[in-house]
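Worksheet for the structure shown next.
Values in this text are rule-based calculations from the coordinates and carry no lab data. Just so you know, these numbers come straight off a predicted model, no measurement behind them. Cβ placement follows ideal geometry from the backbone for every residue including glycine, while neighbour counts extend to all protein chains displayed.
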Amino acid sequence: MTFLTLDSLAKAYGGFHAVENLSLEVRRGEFLSLLGPSGCGKTTTLQMIAGFVEPTHGGILLEGRDITALRPEKRGMGVVFQSYALFPHMTVAANIGFGLEMRGVACAERRRRIDETLELVRLGGLGKRYPRELSGGQRQRVAIARALAIRPEVLLLDEPMSNLDAKLREDMHIELRAIQRHLGITTILVTHDQVEAMTMSDRIAVMHGGRIVQLAAPLEAYERPQSAFASGFLGKTNAIRGVVEKTNPRCCEVRLGATLAHVPHEGREVGKEVHVYVRPEKIRLAPANAGGIPATVQTRLFLGNHWMLEVQSALGLLRVSQPNHGASPPEEGSAVSVLWSDDDLRVLTAEQHHG
Ligand code: ATP
């Protein structure tokens, strides 16, 4: 069921279109990420939902109510900013209770809710400290607690984990997702980190140039990107140029150098140039005489839980990722054979590749 609707939202600054014709339906209790590179319009979109930026065009509906013109504090939304924006002269408890005080919640109830929220973000007992007396991770929890204390209908998160180190960030992904599920709170996260978006979200809206270019569940978005941009932004990939050689109603044959790949038809035309994508982890390396595409290992990097290799082949340089099962993959300079399953190939037309 749709809970929050963005209807043809747009924001222009002078002649510059930061967000264009953006429509999105967010379900109740859903965790949705706006994912994209710097400047694609993620924050502007979030700020329009929060009420800090006025749309040039379009509307925002919450449970069918038009809230486009409503003041931010009347929207019932909790916001966590990248900078956390804590009040330095107030204790942790006062920071968390601030929104409640503004809403006229009585003192005893305020205290109860502050304690409850502190427990929720595992900061029990730290209410009397000041922000300067906390670690970065703890400060971030206070910011989340402050947003949650008002029991918002929607939680808006603007890159809230970007100031944390990698290990802490990973822990927070799991923890924040658990809190969100526990409370069942509809959440929108702005991030440029595809791992963060994939770990936490029910759905990801991939943004590019002020528009949503793909909206899908994480696995679907990763496995079936609809453009070269989405493919490259959601993870590493190899792009190989090919030409459609034959089609039949169900499948088509794409020539990739000396190799023929059989891929789903999807409206391909004979003679058309296409780009075939294969993710590094979908490629297998076998001994040189194993019948795949001949290649030579050029680079081999050990990354702990996996190996990353670059192999030079007749199709160009290909990136290959192999899980670390204890044994080393072929050394640099080794002759190998590159294998994949045609089911793991994704094909985009030249227009989708460039678009
Ligand atoms: P980042 O991840 O770097 O925060 P973003 O995807 O969140 O990027 P936005 O902050 O939404 O991007 O900005 C989108 C575009 O709108 C950018 O090109 C930005 O320069 C422009 N922009 C944002 N705010 C304003 C403003 N107040 N005046 C003019 N241009 C703006």
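Over the chain, the fraction of Cα-Cα pairs per 10 Å bin, rounded to whole percents and listed from the shortest bin up, is 5, 21, 25, 21, 15, 9, 3, 0. Length available on full extension from A94 to L183: 0.36 nm per residue minus the Cα-Cα distance, which gives 29.8 nm. The string of couplings for the stretch 98-110 from the Karplus curve (6.51, -1.76, 1.60, θ = phi - 60°) is 4, x, 5, 4, 4, 8, x, 6, 5, 4, 5, 5, 4 Hz, one whole number per residue in order, with x for Gly and Pro. Entry note, the chain: the mean residue ellipticity at 222 nm calculated from DSSP H runs of n ≥ 4, each adding -39500 (n - 2.57), is -7500 deg cm²/dmol after division by the residues and rounding to the nearest 500. Amide H to amide H, with H built 1.01 Å from N, L189 comes under 5 Å of L32, S33, L34, L157, counting only residues 5 or more places away or on other chains. Could you check which residue among L100, L34, L189 shows the biggest mean-square fluctuation in a GNM of the chain with a 10 Å Cα cutoff? For the chain, modelled as a Gaussian network with Cα springs under 10 Å, the answer is L100. Comparing I60, I204, I293 in a Gaussian network model of the chain where C-alpha atoms under 10 Å apart are linked, the largest mean-square fluctuation is found at I293.
Given Cα pairs under 8 Å that are at least 6 residues apart, what percent is the relative contact order of the stretch 211-355? Please report the intermediate quantities before stating the final value.
On the way: 292 pairs, mean separation 36.3, N = 145.
Relative contact order, the stretch 211-355: 25 percent.
I want to check a number: in the chain, how many lysine pairs have alpha carbons closer than 30 Å, given a sequence separation of 8 or more or different chains? Lysine pair count for the chain: 15.
Which loop-located trypsin sites (Lys or Arg not before Pro) does the stretch 5-43 contain, where loop means any DSSP state but H, G, I, E or B and the Cβ has at most 12 other Cβ atoms within 10 Å? Display every interim value, and only then the final one.
Details: sites: K11, R27, R28, K42; in loops: R28.
In loop regions of the stretch 5-43 (DSSP not H, G, I, E or B), there are no sparsely surrounded trypsin sites (Lys or Arg not before Pro).
Treating each Cα of the stretch 10-102 as one equal point scatterer and applying the Debye formula with no solvent, the log10 of I(q)/I(0) at q = 0.19, 0.23 Å⁻¹ comes out as -1.05, -1.31. Evaluated at q = 0.18, 0.21 Å⁻¹, a Debye calculation over the C-alpha positions of the stretch 90-138 (equal weights, vacuum) places log10 I(q)/I(0) at -0.52, -0.69. Between E266 and Q312, the modelled labels are 3.2 nm apart [label points 7 Å from Cα along Cα→Cβ]. For the chain, the relative contact order is 15 percent, taking Cα pairs closer than 8 Å that sit 6 or more residues apart in sequence and dividing their mean separation by the residue count. Between N21 and R122, the contour length at 0.36 nm per residue exceeds the Cα-Cα span by 32.3 nm.
For N324 and S135, compute 0.36 nm times the residue count separating them, minus their Cα-Cα distance, and round to one decimal in nm. Could you put the intermediate results ahead of the total?
Working: separation 189, 0.36 × 189 = 68.04 nm, distance 3.42 nm.
Taking N324 through S135 to full extension adds about 64.6 nm, to one decimal.
Evaluated on the stretch 161-211, the Kirkwood hydrodynamic radius is 11.9 Å, with distances taken between all distinct Cα atoms. In the stretch 108-198, the C-alpha radius of gyration followed by the widest Cα-Cα span (Dmax) gives 13.1, 42 angstrom. What would the Debye equation give as log₁₀ I(q)/I(0) for the stretch 277-339 at q = 0.14, 0.30 Å⁻¹, counting only Cα atoms as equal point scatterers? Listed by q, the Debye log ratios stand at -0.33, -1.47. Taking label positions 7 Å along the Cα-Cβ direction at both E175 and T199, the computed distance is 1.2 nm, reported to one decimal.
Using DSSP to define loop residues, name the GluC sites (Glu not before Pro) in the stretch 238-331 whose beta-carbon has at most 16 other beta-carbon atoms within 10 Å. It would help to have the intermediate numbers written out before the result.
Numbers: sites: E245, E253, E266, E269, E273, E281, E310, E331; in loops: E266, E269, E331.
Here the sparse-neighbourhood loop sites are E266, E269, E331.
Classify the stretch 209-337 as rounded, prolate or oblate from the Cα gyration tensor: take a ≥ b ≥ c as the square roots of its eigenvalues, call it rounded if a/c is under 1.5, otherwise prolate when a/b beats b/c and oblate if not. Oblate, because a/c is 1.5 or more while a/b does not exceed b/c.
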